[in-house]
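Okay, so here's the structure we're looking at.
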Amino acid sequence: MTEMIQVQNVAKQFVLHTQESAVIPVFENINFTLSSGDCIALTGQSGAGKSTFMRMLYANYLCSRGQINVYHDKEWIDLVQASPHQILNIREKTLGYVSQFLRVIPRVSTLEIVAEPLANFGYEKPIALEAARQILSRLNIPERLWSLSPLTFSGGEQQRVNIARGFIANYPIMLLDEPTASLDAANRAVVLGLIEEAKERGAAILGIFHDHETRNAVCTGEFDVTAYRSEAYV
Amino acid sequence: MSAALDQQDGYNFAYLDEQTKRMIRRSILKAVAIPGYQVPFAGREMPMPYGWGTGGVQVTAAIIGKDDVLKVIDQGSDDTTNAVSIRKFFAKTAAVETTEATEEASIIQTRHRIPETALQEGQILVYQVPIPEPLRFLEPRETETRKMHALQEYGLMHVKLYEDISRHGHIATTYAYPALVNGRYVMDPSPIPKFDNPKMDMMPALQLFGAGREKRIYALPPYTEVKSLDFEDHPFDIQEWDSDCALCGAKDSFLDEIVLDDAGNRMFVCSDSHFCQQRQQAGFTGTANELPADTKERA
Amino acid sequence: MLSQKETLLSVNNVSVLYGERVGCQNVSFDLWPGEVLGIVGESGSGKSTLLNSISARIQPTSGSVTYNTRVDGQRDLYTEMNEPERRLLMRTDLAYVHQNPRDGLRMNVSAGANIGERLMAIGERHYGNIRNNAEQWLDKIEIDQNRLDDLPTTFSGGMQQRLQIARNLVTRPRLVFMDEPTGGLDVSVQARLLDLLRGLVRDLGLSVVIVTHDLAVARLLSHRLMVMQNGQVVESGLTDQVLDDPQHPYSQLLVSSILQT
């Protein structure tokens with residue numbers, strides 16, 4: 001089991017300059033490790049900062065202190081210090097992220113959206129498109145929708161497109177934010193299957209699952225963020 | 001026809017003062033040293049308005065000497081008003097001999113044509129130029145066109161030709177057709193018909209171009225390479241006519257179209273008047289002597 | 001696609017001063033092939049001045065701009081290149097898309113001639129080839145091919161802007177500078193243009209520096225973002241980070257000012 005992410009003494013606070021520079025401390029001294037084959041569930045009450053923590057691991061949020069070391073291209077890179085160029089590289093090849101909501105761009109077809117991560121990996125367009133078709137079929141998105149933009153899809157359909165896009169490439173590390181929300185039982189099972197396959201190929205997975213069933217089915221451990229909340233938060 | 005050999009009182013030889021002539025000659029030397037490059041010069045007020053050949057006249061005035069023989073043509077003809085005026089001007093102010101015979105002239109000042117008779121070494125052809133800048137109508141800024149010439153950025157010139165082909169199916173520019181001089185500068189040869197462009201290439205005579213209003217002089221030394229611009233798949237070609245000259249029967253001179261009546265009858269006649277007369281004197285004739293066939297009746 | 005080793009453009013401590021007035025000051029960043037950098041800020045923030053200085057159009061008062069040329073490697077645009085070389089670069093490897101398409105087009109020649117001009121400028125002399133090339137580009141920018149011979153004055157604003165883009169891209173530049181390319185266009189027209197740009201950036205592997213005051217445009221197109229205020233860069237980083245977790249007071253103000261639709 002190789003370690004893929006090492007979070008060391010990470011702290012996070014927000015400073016709201018638009019509200020008289022109010023300081024909102026969030027986390028102190030987080031230490032956390034994620035290894036390949038892991039599937040760790042982030043736990044904590046609603047509002048405890050699970051999504052915030054995940055975004056910090058994706059470099060979408062900054063950290064006030066500490067290191068987030070990611071094993072990328074056979075070396076350790078600290079996301080907190082890395083240049084934007086490096087982080088973009090890491091996101092392309094190593095770090096996958098399935099957010100809660102699909103950001104929809106008009107006029108781009110579902111097929112293209114899903115194929116894009118593979119194209120960035122360096123695969124030829126036809127191969128990427130074929131893989132996109134397969135994973136969309138698996139997620140029960142009907143073929144007649146593939147050439148359309150997800151703009152008019154239902155919430156559940158959009159989420160499945162999001163998942164397809166997140167799982168199409170073999171990222172060594174995957175961050176999943178509520179991947180089964182808005183899905184029915186059948187599609188939840190499909191997502192479970194995808195997560196299991198990812199685990200088997202050695203991916204290191206961190207997820208937020210509100211659905212206990214899913215959590216129990218796939219997760220190998222838990223990480224409670226509540227323990228790291230700043231004292232000031234009640 | 002020789003003019004009276006008295007120079008007009010009160011005027012310097014050839015109207016311009018000697019310092020001005022020196023200044024113009026310096027510009028001409030620069031122009032000859034850089035074929036096709038437009039040399040600015042301090043043009044003077046001349047006794048004719050801009051647009052009437054002041055540039056050509058200043059160049060001629062700077063180079064003409066007592067022993068020169070001057071011919072002046074306008075659209076190929078010696079006897080139009082402008083040609084006559086300018087010829088008389090030099091007769092009066094320089095008391096030089098004038099002629100209508102191309103082969104006898106040492107200096108030929110021309111508006112918008114090159115004589116059909118081939119010119120020889122030792123002759124000088126002075127062109128009257130309205131707008132010297134070939135890029136002017138596409139790029140109005142002088143600062144830009146100077147840079148384009150300096151940096152050989154001539155893509156825009158081909159844009160004009162491209163537009164012609166896209167609009168008319170062929171390059172529709174029929175006069176003032178741009179040409180590349182000595183492989184370096186693109187020049188506007190003045191509004192001569194493109195028919196005359198090939199004559200400029202490797203011409204044994206010296207060719208000088210004077211623009212009075214724009215105050216530019218440029219030159220083609222003898223035996224300079226002049227290549228008209230074109231596209232690989234639309235090569236440069238010259239005008240052709242269906243008929244020959246009605247007066248002298250010439251097959252390969254530039255023909256003017258003369259409308260004869262309001263029934264649509266017309267005839268084509270050599271633009272170069274002297275060339276035509278010479279041929280007629282030598283016995284060549286055309287169809288003008290025959291009755292016009294198919295005279296159309298008006299409805 | 002993003003992982004080349006060498007930077008394409010290196011901006012080092014660039015300042016542009018107009019006498020005592022600061023256009024922009026102490027700006028530094030690197031740009032890699034395939035990256036899109038957005039520069040946002042209000043009018044007067046210095047973003048257009050910065051854009052002009054890094055695109056070889058005005059010389060900075062201090063600092064350096066280095067570009068990775070195809071043949072000679074990294075060259076300082078102002079101290080290691082003379083004007084003819086810069087002008088050639090601006091016609092081939094670099095492209096500049098103006099906010100107002102009329103500034104970047106020749107309005108008195110046809111669409112085909114506009115697209116073909118750069119080709120003719122680098123020596124293309126076959127009319128048929130130029131025309132074919134221009135037709136293909138009209139396709140790419142979603143304009144009907146039989147508008148090839150029409151004047152840009154007969155095009156709508158959005159079409160003119162797309163034509164300007166085609167005119168710039170025909171020589172396959174590697175680095176494109178855009179100054180508010182969607183300014184002045186209707187919202188739906190903007191969306192179409194942005195999508196076109198996204199596609200072209202992806203398909204042609206372009207690097208882009210885009211100046212905009214519209215954060216939605218920045219979010220959609222750029223990987224990285226720089227926020228400018230009063231001539232200074234107050235924050236820079238990944239686009240999603242700057243927009244989702246802005247640190248500087250001005251960035252926070254900008255982000256919070258967007259109206260949600």
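The values are calculated or read from the model by the stated rules, or taken from the named source; none is laboratory data. The shown structure was predicted, so the numbers you read here are calculated from the model rather than taken from an experiment. Reconstructed Cβ throughout: ideal geometry from the backbone, glycine too, with neighbour counts over all protein chains shown. Side chains included, ligands, DNA and RNA excluded: accessible areas come from the protein's heavy atoms. Shrake-Rupley method; radii C 1.70, N 1.55, O 1.52, S 1.80 Å.
A few comments on the model shown:
- Hits in segment A:31-59 (condition: crowded, with 19+ Cβ neighbours inside 10 Å and without any contact (Cβ under 8 Å) to a residue 12 or more places away in the chain): A:Arg55
- For segment B:250-260, taking the residues that are of a type outside the set (A, V, I, L, M) and open to solvent by 20 Å² or more (accessible area, probe 1.4 Å), the one that is nearest to the chain's Cα centre (by Cα) is identified as B:Phe254.
- Among the conditions (1) away from every other protein chain (no Cβ under 14 Å); (2) assigned to a loop (DSSP other than H, G, I, E, B); (3) in contact (Cβ under 8 Å) with a residue 60 or more places away in the chain, the only one that B:Tyr177 does not satisfy is (3).
The rows are residues; the columns are (1) at pLDDT 95 or above; (2) under 25 Å from A:Met56 (Cα atoms); (3) not hydrophobic (A, V, I, L, M, F, W, C).
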{"site": "A:Ala115", "(1), (2), (3)": "no, no, no"}
{"site": "A:Asn140", "(1), (2), (3)": "no, no, yes"}
{"site": "A:Phe153", "(1), (2), (3)": "no, no, no"}
{"site": "A:Ile163", "(1), (2), (3)": "no, yes, no"}
{"site": "A:Asn170", "(1), (2), (3)": "no, yes, yes"}
{"site": "A:Thr180", "(1), (2), (3)": "no, yes, yes"}
{"site": "A:Ala185", "(1), (2), (3)": "no, no, no"}
{"site": "A:Ala203", "(1), (2), (3)": "no, yes, no"}
{"site": "A:Val218", "(1), (2), (3)": "no, yes, no"}
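- Flag if C:Val189 is within 14 Å of another protein chain (Cβ to nearest Cβ) and not in a helix (DSSP H, G or I): no
- Enumeration of residues in segment A:57-70 that are more than 16 Å from the chain's Cα centre (by Cα) and either away from chain C (no Cβ under 12 Å) or over 24 Å from A:Phe14 (Cβ atoms) (or both): A:Arg65, A:Gly66, A:Gln67, A:Asn69
- Scanning segment B:204-232 for residues that are open to solvent by 50 Å² or more (accessible area, probe 1.4 Å) and not aromatic (Phe, Trp, Tyr) returns B:Arg213, B:Glu214, B:Lys215, B:Pro222, B:Glu225, B:Lys227, B:Glu232.
Table: residues versus (1) at pLDDT below 85; (2) open to solvent by 10 Å² or more (accessible area, probe 1.4 Å).
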{"site": "C:Arg198", "(1), (2)": "yes, yes"}
{"site": "C:Arg202", "(1), (2)": "yes, yes"}
{"site": "C:Ala218", "(1), (2)": "no, no"}
{"site": "C:Leu225", "(1), (2)": "no, no"}
{"site": "C:Ser236", "(1), (2)": "no, yes"}
{"site": "C:Asp244", "(1), (2)": "no, yes"}
{"site": "C:Pro249", "(1), (2)": "no, yes"}
{"site": "C:Leu254", "(1), (2)": "no, yes"}
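- Qualifying residue in segment B:161-174 (condition: in contact (Cβ under 8 Å) with a residue 40 or more places away in the chain, among the polar types (S, T, N, Q) and either assigned to a helix (DSSP H, G or I) or away from chain C (no Cβ under 14 Å) (or both)): yes
- Close contacts from segment C:230-250, counting a first residue that is more than 10 Å from every other protein chain (Cβ to nearest Cβ) and at negative phi and a second that is part of a loop (DSSP other than H, G, I, E, B) and not β-branched (Val, Ile, Thr), with Cβ to Cβ under 8 Å and a gap of 6+ residues or different chains, come to C:Gln232/C:Gly46; C:Val234/C:His248; C:Glu235/C:Pro246; C:Glu235/C:Gln247; C:Glu235/C:His248.
- Matching residues in segment C:204-216 - criterion: being within 12 Å of chain A (Cβ to nearest Cβ) and either in contact (Cβ under 8 Å) with a residue 60 or more places away in the chain or surrounded by 18 or more Cβ atoms within 10 Å (Cβ to Cβ) (or both): C:Gly205, C:Ser207
- Residues considered: B:Ile238, B:Ile192. Of these, the only one that is away from chain C (no Cβ under 14 Å), surrounded by fewer than 20 Cβ atoms within 10 Å (Cβ to Cβ) and in contact with a helix residue (DSSP H, G or I) (Cβ under 9 Å, 6 or more places away or on another chain) is B:Ile238.
- Per-region count, segment A:66-80, residues open to solvent by 40 Å² or more (accessible area, probe 1.4 Å), in contact (Cβ under 8 Å) with a residue 12 or more places away in the chain and on the phi < 0 side of the Ramachandran plot: 4
- Subset of segment A:206-231 that is of a type outside the set (Gly, Ala, Ser) and in a strand (DSSP E or B) - its residue that is most open to solvent (accessible area, probe 1.4 Å): A:Glu222
- For the residues B:Ile34, B:Ile63, B:Ile24, B:Ile28, the requirement of being of a type in the set (Val, Ile, Thr), open to solvent by 10 Å² or more (accessible area, probe 1.4 Å) and more than 18 Å from the chain's Cα centre (by Cα) singles out B:Ile34.
- Within segment A:95-121, residues that are more than 15 Å from A:Arg133 (Cα to Cα) sit with their Cβ atoms under 6 Å from residues that are charged (D, E, K, R), at 6+ positions apart or across chains, in these pairs: A:Ser99/A:Asp177; A:Gln100/A:Asp177; A:Gln100/A:Glu178; A:Arg107/C:Asp195; A:Asn120/A:Glu92.
- Counting only strands (runs of 3 or more DSSP E) that fall entirely inside segment B:183-285 and contain at least 1 residues that are within 18 Å of B:Ile171 (Cα to Cα) and of a type in the set (S, T, N, Q), the qualifying elements are B:226-228.
- Of the listed requirements (1) modelled with pLDDT of 90 or more; (2) within 13 Å of another protein chain (Cβ to nearest Cβ), A:Gln8 misses just one: (2).
- Hey, A:Glu20 more than 13 Å from chain C (Cβ to nearest Cβ) and open to solvent by 20 Å² or more (accessible area, probe 1.4 Å) or not: no
- If only residues of segment B:261-289 that are over 24 Å from the mean Cα position of the chain (by Cα) and hydroxyl-bearing (Ser, Thr, Tyr) are counted, the one that is modelled with the highest pLDDT is B:Thr285.
- Subset of segment A:85-98 that is open to solvent by 40 Å² or more (accessible area, probe 1.4 Å) and of a type outside the set (Ser, Thr, Tyr) - its residue that is nearest to the other protein chains (Cβ to nearest Cβ): A:Lys93
- Criterion (open to solvent by 30 Å² or more (accessible area, probe 1.4 Å), without any contact (Cβ under 8 Å) to a residue 24 or more places away in the chain and out of contact with any Gly (no Cβ under 9 Å at 6 or more places or on another chain)) met by exactly one of A:Gln158, A:Gln134: A:Gln134
- Residue match in segment C:196-217 (condition: in contact with a strand residue (DSSP E or B) (Cβ under 9 Å, 6 or more places away or on another chain), closer than 22 Å to C:Gly44 by Cα and assigned to a helix (DSSP H, G or I)): yes
- Test: residue in segment A:213-234 that is in contact with a Lys or Arg (Cβ under 8 Å, 6 or more places away or on another chain) and under 18 Å from A:Glu92 (Cα atoms): no
Residue-wise test of (1) farther than 21 Å from B:Val59 by Cβ; (2) of a type in the set (A, V, I, L, M, F, W, C).
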{"position": "B:Pro132", "(1), (2)": "no, no"}
{"position": "B:Phe137", "(1), (2)": "yes, yes"}
{"position": "B:Pro140", "(1), (2)": "yes, no"}
{"position": "B:Thr143", "(1), (2)": "yes, no"}
{"position": "B:Arg146", "(1), (2)": "yes, no"}
{"position": "B:His149", "(1), (2)": "no, no"}
{"position": "B:Met157", "(1), (2)": "yes, yes"}
{"position": "B:Ser166", "(1), (2)": "yes, no"}
{"position": "B:His170", "(1), (2)": "yes, no"}
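- Residues being in a strand (DSSP E or B) and either surrounded by 23 or more Cβ atoms within 10 Å (Cβ to Cβ) or without any contact (Cβ under 8 Å) to a residue 60 or more places away in the chain (or both) - total across segment B:95-123: 5
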